[in-house]
Amino acid sequence: MNLKSFSILILIILFCQSGFAQTIFVSNTGNDANNGSREKPVATLETARNLARTIHQKDKNQLVTISIASGNYYMTKPLELLTSAKDTDQNLSFLGDPARKPVFYGGYRIRSFRKVTDSLWKADVPQVRETGVLFEQLYINGRRAERAKSPNTGFYNPVSIEEKIIKQDKNADLAILTIKVPVACFQVLSALNQEELTRTIIKICHNWDNTIKHIQTFNKEDSTITIAGQAMKPWNKITTGSIFTIEDFSLALDKPGEWFLEKNGTLYYRPQSGDMIQNVRVIAPSLEKLVIIKGDEKTEKPVSNITFRNISFQCNAYRLPQNGFEPVQAAGLSSAQIEADFADHITFTNCEFLHTGAYAVWFRRSCSDSRFNHNYFQDMGAGGIKIGEWFIPKDTTLISSHITVNNNILHSGGQFLSCAVGIAILNGYDNKLTHNEIGDFRYTGISCGFIWGYDKNPAVRNIISNNHIHHLGWGEMSDMGGIYMLGVSPGTTISNNLIHDIYALDYGGWGIYTDEGSSNILIRNNLVYKCKSAGFHQHYGRDNMITNNIFANNIKSQLQATKAEKHRSFTFKNNIIYYDQGDLLSNSWDKFSMETDSNAYWKEPDGNVLFKKEDLAGWQKKDKDLHSLIENPNFVNPETGNFEIKNKELLKKINFKPFDYTQAGVYGSSAWKEKARLSEKIQKAFEEKVRFHAK
């Protein structure tokens, strides 16, 4: 027996003799040689878990509380909760102080800054020099610092794109993409040597996807760069309308708040106003995952009955794969701060997930009966929560289900992988997404389903209700929605959501978007306004019910439908449609097979509503909206978001049932509700983006 094993044995013996059979204490001033008592706390979650295992070897049903003192903890490895032949992690409660949550960092502090000039600092980072592992995010004074990039604001557009297929078959493909860059980008790249060029990455946003690659070559003669990887998908190619930045090269370090890390471990940073070199707090992430919950896949024995309460998880890493980031909708394959497989009855309550490298949480394979309640997600490199796998497992009993995400705040996502989603149900069923606040993402707020078309879809009976979803898109991504649906989804409902301020780069800033094959979905009691393309859009699907909703003041159109099919695509009844700009209908709404009736339409200022080129009488001759009206609902103040209806008679005429949209979003204390409000600074910046794109 080696010294380490002997020490652990002694620790276990001391613990078992200590009499503390239900609570294990952890402190950042503790010692892992201690017995875990209140007087002698341990220092790490890993040691506390090991002590809990000794209890469960005697009584597997014993609930063990791991009480964590307030303070900062710098993790050197993830906490793993596992099922093995010897141990099963179960019946554990990780508990922090709600007033002063313990903070677990997935990285280390950098303390050795000194001034190069007043506007440039540098620090030696021995962890990089000794390991050769560069970090790709940096968090300074509680914010995500920006890696040196060009341009400082806005984006470049490709001048032209040419693809050369090197290899293509059903198993793999390889292509070289040649992109001609504009003059401003050429001037920047021309100053770089080959070593600097091959380190530099290009991040491209094209419709709903990202492509992120290291630049391979730059040709000054024709102003082109080359990147290599998978062939472009024919349904979403990079075009001259795409946008891109170039990042991670020293010459781009020219703006306050930016940083650049040399391979030798020298970190450069341009301080922002208010940064003080003597007390600046800098965290470099090193761990991709902070908590791994993984039951036994062979026996399908889950990790079970685990609770996390009042804990802050912060600053984990995302590392760009060697071959770059290939386009994947919703960044569906990217990692998460917290990951779970084969787990049930897992609960996170009043926790924080801050400054993530990619996603915050992924409950992936065979997860069930779990709950996220009253948690705060902020500053995410990708998205907030993913449920289910990117593909359907052969054994469909392994599909994740019955997960509730309730009363959470999810702010400011897509900071690196801008194609990510606030909450995504990939392949999962019987999940509930309720009363969440989702704002300031570059792409979609909630996405549900991952089957395109009418094939069998496991994403059924999902409830999406009472969520407040807003300020999405930022004029960077396209083909997106506040709520985005895919596939045949019987039993799925979208109700009582408040959705507004959705703004795409090009097409497709929709409020509620039923995309390819979306079918058998009930869409009821939602308020949708200030979306770029339309409040509601159906690409194609079957037998959806859209009833008792308000679609108001969307920009280009109010209602949109694209692919007409012979079957009934949807029923559209008892809705109120109100607008002051753009068209009522767009694309193929007039060609769809649908049942539409008992709706109220109004266009400010005089009710001049046209169904394409026809007035209501002409529209009704086509057996559309036979009992619908052109009548003003007289909203109290739609410009400020007050859609209370003063015209009570209209409600009776179209059988519209008023619903309280102010109940959407989080509930609880006034402080919690206030925390859910996006800052005025972010809202004003969003409005400025909209004005810029509208020019």
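The values are calculated or read from the model by the stated rules, or taken from the named source; none is laboratory data. Quick caveat: nothing in here was measured; it's all calculated off a predicted structure. FYI the Cβ positions are ideal-geometry reconstructions off the backbone, even for glycines, and counts take in every protein chain you see.
Brief remarks on what is shown
- Within the stretch 481-508, residues that are of a type in the set (D, E, K, R) sit with their Cβ atoms under 7 Å from residues that are assigned to a loop (DSSP other than H, G, I, E, B) and at pLDDT 95 or above, at 6+ positions apart or across chains, in these pairs: Asp506/Gly241; Asp506/Ser478.
- Qualifying position, being more than 21 Å from Trp474 (Cα to Cα) and at pLDDT 95 or above, among Gly517, Gly582, Gly511: Gly517
- Selection count, the stretch 593-608, where residues are in a loop (DSSP other than H, G, I, E, B) and surrounded by fewer than 21 Cβ atoms within 10 Å (Cβ to Cβ): 7
- Test: residue in the stretch 269-282 that is in contact with a Leu (Cβ under 9 Å, 6 or more places away or on another chain), part of a loop (DSSP other than H, G, I, E, B) and over 22 Å from Val116 (Cβ atoms): no
- Failed item, numbered, when Met276 is tested on (1) touching a residue at least 24 places away in the same chain (Cβ under 8 Å); (2) among the hydrophobic types (A, V, I, L, M, F, W, C); (3) assigned by TED's automatic domain parsing to the domain that holds Val133; (4) more than 14 Å from Phe135 (Cα to Cα): (1)
- Restricting the stretch 570-591 to residues that are more than 26 Å from Lys653 (Cβ to Cβ) and among the small types (Gly, Ala, Ser), the residue that is surrounded by the most Cβ atoms within 10 Å (Cβ to Cβ): Ser586
Per-residue answers, yes or no, for (1) among the hydrophobic types (A, V, I, L, M, F, W, C); (2) surrounded by fewer than 24 Cβ atoms within 10 Å (Cβ to Cβ):
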| position | (1), (2) |
| --- | --- |
| Phe353 | yes, no |
| Tyr359 | no, no |
| Phe377 | yes, no |
| Lys386 | no, no |
| Leu398 | yes, yes |
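- Residues within the stretch 427-456 that are within 20 Å of Gly357 (Cα to Cα) and in a loop (DSSP other than H, G, I, E, B), tallied: 4
- Residue tally, condition in a strand (DSSP E or B) and either among the hydrophobic types (A, V, I, L, M, F, W, C) or free of Cβ contacts under 8 Å to residues at least 60 places away in the same chain (or both), over the stretch 317-346: 10
- For Ala676, the stated conditions hold: it is surrounded by 14 or more Cβ atoms within 10 Å (Cβ to Cβ) and more than 17 Å from Gln558 (Cβ to Cβ).
Conditions tested, residue by residue: (1) without any contact (Cβ under 8 Å) to a residue 60 or more places away in the chain; (2) aliphatic (A, V, I, L, M).
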| position | (1), (2) |
| --- | --- |
| Lys563 | yes, no |
| Tyr578 | no, no |
| Leu584 | yes, yes |
| Trp589 | yes, no |
| Ser593 | yes, no |
| Phe611 | yes, no |
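- From Ile546, Ile555, Ile521, residue being in contact (Cβ under 8 Å) with a residue 12 or more places away in the chain, hydrophobic (A, V, I, L, M, F, W, C) and closer than 28 Å to Gln415 by Cα: Ile555
- Taken together, the residues in the stretch 213-248 that are crowded, with 16+ Cβ neighbours inside 10 Å, more than 14 Å from Ile176 (Cα to Cα) and within 24 Å of the chain's Cα centre (by Cα) amount to 8.
- Evaluation of His471 against the conditions (1) assigned to a strand (DSSP E or B); (2) without any contact (Cβ under 8 Å) to a residue 60 or more places away in the chain shows that the sole unmet condition is (2).
- Filtering the stretch 329-348 to residues that are on the phi < 0 side of the Ramachandran plot, more than 15 Å from the chain's Cα centre (by Cα) and surrounded by fewer than 24 Cβ atoms within 10 Å (Cβ to Cβ) leaves Asp341, Asp344, Thr347.
- Total residues in the stretch 249-277 satisfying the condition of being basic (Lys, Arg) and surrounded by fewer than 17 Cβ atoms within 10 Å (Cβ to Cβ): the figure is 2.
- Some residue of the stretch 639-662 being free of Cβ contacts under 8 Å to residues at least 24 places away in the same chain, in a loop (DSSP other than H, G, I, E, B) and touching a Leu at 6+ places or on another chain (Cβ under 8 Å): yes
- If you check Asp597, Asp606, Asp623 for being of a type in the set (Asp, Glu), within 30 Å of Tyr454 (Cβ to Cβ) and free of Cβ contacts under 8 Å to residues at least 24 places away in the same chain, only one passes: Asp623.
- Cβ separations smaller than 9 Å between residues 6+ apart or across chains give the following pairs from the stretch 208-219 residues that are within 28 Å of Tyr507 (Cα to Cα) to residues that are basic (Lys, Arg) and part of a strand (DSSP E or B): Asn210/Lys203; Thr211/Lys203; Ile212/Lys203; Lys213/Lys203.
- Some residue of the stretch 589-601 being of a type in the set (A, V, I, L, M) and more than 33 Å from the chain's Cα centre (by Cα): yes
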